[in-house]
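The values are calculated or read from the model by the stated rules, or taken from the named source; none is laboratory data. Keep in mind that what you see is a predicted model, and the values were worked out from it rather than measured. Here the Cβ positions follow ideal geometry from the backbone for every residue, glycine too, while neighbour counts run over all protein chains shown.
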Amino acid sequence: MSLALSGGTVLTALDPPRLTQADIVIADGRVAAVGPAPAGIPRRDCSGCVVIPGNANAHTHLYSALARGMPYRLESPANFLQILQRVWWRLDRALDGETVRASALVGGMDALLSGTTALIDHHASPSAIDGSLDLIADALAEVGIRSVLCYEVTDRDGPERAHAGVRENERFLQTQRPLSRGLVGAHASFTLSPETLADCVAIAREFRSGVHIHVAEDLVDERDAEARFRRRVVHRLADTGALNERAILAHCVHVDGAETALILETGAIVAHNARSNMNNAVGRARVGHFGKRVVLGTDGIGGDMFAESQAAYWRAREDDVFLSMAWPLQRLAAGAALAGRIFGEPLLGRIEPGAPADLTVLQYTPPTPLQDGNVAGHWLFGLSARFVRDVVVAGELVVADRRLTRVDQDEIAAAAAGQAQRLWRRLEEIGPHEFAPAGVGRG
């Protein structure tokens, strides 16, 4: 397929931002040229628009997509562990194959319409483990979005389900799909036995993959590690061999200085989820300490990386008033580069010849001059998902004039509403999870 996005202002990279007035010629799923389009190929007029690299969401939970507006009748959670026990560990047990698929369709649709072209997802459905990653990969391919998937291995639901989670990761890592890749998912240190964590690390090593795990999102994770292993979480992971440049550590809110140094030494990636941390009242990660290892995710709060990057910047300013406005663009570029490494596509996240054609067209008319040096100011204080007009993934126009092109988005939304009601009825029959980590009372 060939296509020219013609007449737009092109932001060829986020780090550093570079603007040019040019056509973008797309052929065979890649950017063939940034310059005058030859005659005879289909054109899409982008005059008055800004074309940017597609955003990447570096940590999300698509299975939460049907939780929007979900009724809640239990006693209100008083802390993070109770949020897990009373909300998310009930929801994941209520999921079946149909609701897993519906969640992925809705989450993928929301991401594309927000200008996000790649998702790094962390999935859990203890009652429907086998084949769950296929359901998600198929649904996301149907809407046309790039994805990196894993299953969240945990011992909180017993050893049989822990083993099933390990097998699901192993099985999926052996599949071949154009738009999906795999990692090895693990929940968090405080729900993992030594044997199960070792199994995850062994699978990751066998397939030269990374472990995608929550780290010190709340102090409960650190307290459990100290109680059971007499060391903090990051040291436990390092001792098990989980930390390397392919590992993704979500949150890292409560790591200490020694743990931070170990993360930097091993080259692990830290996925920062500012809005989720605020919502769960767990504190905030000192993202400045992790330098260039930080990427951004939503932790399941939709797929809008404009909103997430803005919130992350403003939250980080509470620690460092001198933080550059370029910081959120740099972190988004790092997230795209992370997805690119997993796909073996080093130019992902850039608009240049040879790069995968994952692009977003913004119908944005800046009220002030837009230049290389002030792109970050427009990003933080002007841009939003409401400007997304078109989205291209792997060279295919998957959103045109704010509508999905491969599927009927109204049908997806209507079907999801029905599946959500069914999921919520199942949820009513499930009580708070009984699992509690070492030294912590039950919820």
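Considering each of A281, A258 in turn, give the residue that is assigned by TED's automatic domain parsing to the domain that holds L84 and at negative phi. Show your work before the answer.
Details: A281 fails: at negative phi.
Exactly one of A281, A258 is assigned by TED's automatic domain parsing to the domain that holds L84 and at negative phi, namely A258.
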message = All but one of (1) in a loop (DSSP other than H, G, I, E, B); (2) of a type in the set (A, V, I, L, M, F, W, C); (3) under 17 Å from A56 (Cα atoms) hold for A250; state the number of the condition that does not hold.
response = (1)
ask   = So, in the stretch 170-205, of the ones that are farther than 18 Å from A139 by Cβ, polar (S, T, N, Q) and free of Cβ contacts under 8 Å to residues at least 60 places away in the same chain, which residue ends up surrounded by the fewest Cβ atoms within 10 Å (Cβ to Cβ)?
value = Q174
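Could we say that I213 is of a type outside the set (F, W, Y) and either over 20 Å from G300 (Cα atoms) or in contact (Cβ under 8 Å) with a residue 40 or more places away in the chain (or both) here? So that I can check it myself, show each step before the final result.
Details: of a type outside the set (F, W, Y): yes; either over 20 Å from G300 (Cα atoms) or in contact (Cβ under 8 Å) with a residue 40 or more places away in the chain (or both): no.
No, not satisfied.
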request  = Identify the single condition in (1) crowded, with 20+ Cβ neighbours inside 10 Å; (2) among the basic types (K, R); (3) within 30 Å of V220 (Cα to Cα) that R167 does not satisfy, given that it satisfies every other one.
outcome  = (1)
ask   = Going by the conditions given, is D239 buried (at least 17 other Cβ atoms within 10 Å of the Cβ), in a helix (DSSP H, G or I) and of a type in the set (D, E, K, R)?
value = no
query = Within the stretch 206-236, can you find the residues that are out of contact with any Phe, Trp or Tyr (no Cβ under 9 Å at 6 or more places or on another chain), buried (at least 16 other Cβ atoms within 10 Å of the Cβ) and of a type in the set (G, A, S)?
reply = S209, G210, A216
ask   = Just one of the numbered conditions (1) assigned to a helix (DSSP H, G or I); (2) of a type outside the set (S, T, Y); (3) under 30 Å from A22 (Cα atoms) is not true of L262; which one?
value = (3)
message = I'd like to check something: does the stretch 102-111 contain any residue that is free of Cβ contacts under 8 Å to residues at least 60 places away in the same chain, in a helix (DSSP H, G or I) and of a type in the set (D, E, K, R)?
response = no
remark   = Selection from the stretch 316-338 of residues closer than 18 Å to R275 by Cα and either crowded, with 20+ Cβ neighbours inside 10 Å or in contact with a strand residue (DSSP E or B) (Cβ under 9 Å, 6 or more places away or on another chain) (or both) yields A316, W327, P328, L329, R331, L332, G335
